[in-house]
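Novice: This structure is in structure tokens; I'll ask about it shortly.
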Amino acid sequence: HQTRQTTLPMLRQTCSVLLRRRTSALRAFATKPDLTLVEDRDGIRTITMNNPAKYNGWTDPMLRSWMGRFADAATDDSVKALILTGSGKYYCAGVDLSGTIKPMWPKQLHDQIYTFNKRVFDTFLEFPKPLCVAVNGPAIGASVTTATLADCVVASTNATFST
């Protein structure tokens with residue numbers, strides 16, 4: 001019984017430290033904030049992917065931007081829920097391969113894709129607040145997959161889903 005009393009606070013402290021490290025690691029992704037826009041209204045934060053010329057395709061800078069925005073929203077007590085949407089006619093064209101993958105050996109490519117996908121999927125799966133995806137236009141590839149990981153999906157009449 002005595003061991004449990006001393007172990008529980010230590011476990012809580014360790015979890016707290018790990019959460020802070022994870023949040024600060026994600027915050028480091030926010031390198032190009034102009035690729036995402038943020039609006040707060042009534043406790044709901046809306047993150048808008050903002051590269052309509054490239055159909056809001058996910059390049060490394062775009063991912064870093066919205067992952068950093070997710071990290072900020074996760075730790076902001078005034079944010080009660082999060083909405084992710086796109087600007088322009090597309091919600092998201094999925095991964096922009098020209099902006100994320102460079103020629104490399106197959107094993108390296110596999111490892112990069114695995115790490116990349118895990119990072120993206122974990123951002124959705126581990127987000128601690130209600131997360132809604134507002135699909136304003138075509139959603140393609142990985143953006144469809146990640147939309148299914150959100151707590152809800154709202155689609156406009158212009159939305160289409162293609163994998």
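The values are calculated or read from the model by the stated rules, or taken from the named source; none is laboratory data. This structure is a prediction, so every number in the text was calculated from the model and none was measured. Backbone-built Cβ (ideal geometry, glycine too); neighbour counts: all protein chains shown. Just so you know, the surface numbers come from the protein's heavy atoms only, side chains and all, with ligands and any DNA or RNA stripped out. Shrake-Rupley method; radii C 1.70, N 1.55, O 1.52, S 1.80 Å.
Novice: Please count how many residues of the range 79-104 are outside any strand (DSSP E or B), modelled with pLDDT under 95 and under 17 Å from Phe161 (Cβ atoms). I'd like the intermediate steps shown before the answer.
Specialist: Just the residues of the range 79-104 that are outside any strand (DSSP E or B), to begin with: 79-80, 87-91, 93-94, 96-104.
Next, only the ones that are modelled with pLDDT under 95 stay: 94, 96-104.
Right, trim to under 17 Å from Phe161 (Cβ atoms) and you get 94.
Summing the residues that are outside any strand (DSSP E or B), modelled with pLDDT under 95 and under 17 Å from Phe161 (Cβ atoms) in the range 79-104 gives 1.
Novice: Those residues that are surrounded by 12 or more Cβ atoms within 10 Å (Cβ to Cβ) and within 25 Å of Arg45 (Cβ to Cβ), I need them from the range 112-124; list them, please. Spell out how you get there, then give the answer.
Specialist: The initial filter retains those residues of the range 112-124 that are surrounded by 12 or more Cβ atoms within 10 Å (Cβ to Cβ), namely 112-113, 116-117, 119-124.
Hits for the range 112-124 are Phe116, Asn117, Arg119, Val120, Phe121, Asp122, Thr123, Phe124.
Novice: Output the qualifying pairs, or none if there are none: Cβ atoms under 6 angstrom, residues six or more apart or on different chains, first residue in the range 101-125 and touching a residue at least 40 places away in the same chain (Cβ under 8 Å), second residue surrounded by 11 or more Cβ atoms within 10 Å (Cβ to Cβ).
Specialist: Thr123/Met67; Thr123/Phe70
Novice: Name the one entry in Ala71, Ala134 that is closer than 22 Å to Thr46 by Cβ, in contact with a helix residue (DSSP H, G or I) (Cβ under 6 Å, 6 or more places away or on another chain), outside any loop (DSSP other than H, G, I, E, B) and among the aliphatic types (A, V, I, L, M). Explain how you work it out, then say what you get.
Specialist: Details: Ala134 fails: in contact with a helix residue (DSSP H, G or I) (Cβ under 6 Å, 6 or more places away or on another chain).
After applying the criteria, what remains is Ala71.
Here is a yes/no grid of residues against (1) within 17 Å of Ile47 (Cα to Cα); (2) of a type in the set (A, V, I, L, M); (3) loosely packed, with under 14 Cβ neighbours inside 10 Å:
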{"residue": "Val79", "(1), (2), (3)": "yes, yes, no"}
{"residue": "Leu84", "(1), (2), (3)": "yes, yes, no"}
{"residue": "Ala93", "(1), (2), (3)": "yes, yes, no"}
{"residue": "Met104", "(1), (2), (3)": "no, yes, yes"}
{"residue": "Lys107", "(1), (2), (3)": "no, no, yes"}
{"residue": "His110", "(1), (2), (3)": "no, no, yes"}
{"residue": "Lys129", "(1), (2), (3)": "yes, no, no"}
{"residue": "Pro138", "(1), (2), (3)": "no, no, no"}
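Novice: Would you check if Ser98 is closer than 19 Å to Leu35 by Cβ and open to solvent by 70 Å² or more (accessible area, probe 1.4 Å)? Write out each step before concluding.
Specialist: Working: closer than 19 Å to Leu35 by Cβ: yes; open to solvent by 70 Å² or more (accessible area, probe 1.4 Å): yes.
In short, yes.
Novice: Condition test on Ala150, is it open to solvent by less than 50 Å² (accessible area, probe 1.4 Å), under 19 Å from Arg45 (Cβ atoms) and of a type in the set (A, V, I, L, M, F, W, C)? Lay out the reasoning, then the answer.
Specialist: On the way: open to solvent by less than 50 Å² (accessible area, probe 1.4 Å): yes; under 19 Å from Arg45 (Cβ atoms): yes; of a type in the set (A, V, I, L, M, F, W, C): yes.
It is true that Ala150 is open to solvent by less than 50 Å² (accessible area, probe 1.4 Å), under 19 Å from Arg45 (Cβ atoms) and of a type in the set (A, V, I, L, M, F, W, C).
Novice: Among the numbered conditions (1) assigned to a helix (DSSP H, G or I); (2) over 19 Å from Thr145 (Cα atoms); (3) modelled with pLDDT under 90, tell me where Phe116 comes up short.
Specialist: (2)
Novice: To continue, here is another question. Can you tell which of Ala134, Ala71 is aliphatic (A, V, I, L, M), under 13 Å from the mean Cα position of the chain (by Cα) and open to solvent by less than 40 Å² (accessible area, probe 1.4 Å)? Steps first, please.
Specialist: Details: Ala134 fails: under 13 Å from the mean Cα position of the chain (by Cα).
The conditions single out Ala71.
Novice: Among the residues of the range 137-163, write down those that are within 13 Å of Thr85 (Cβ to Cβ) and part of a loop (DSSP other than H, G, I, E, B).
Specialist: Matches in the range 137-163: Gly137, Ala150, Ser156, Asn158, Ala159.
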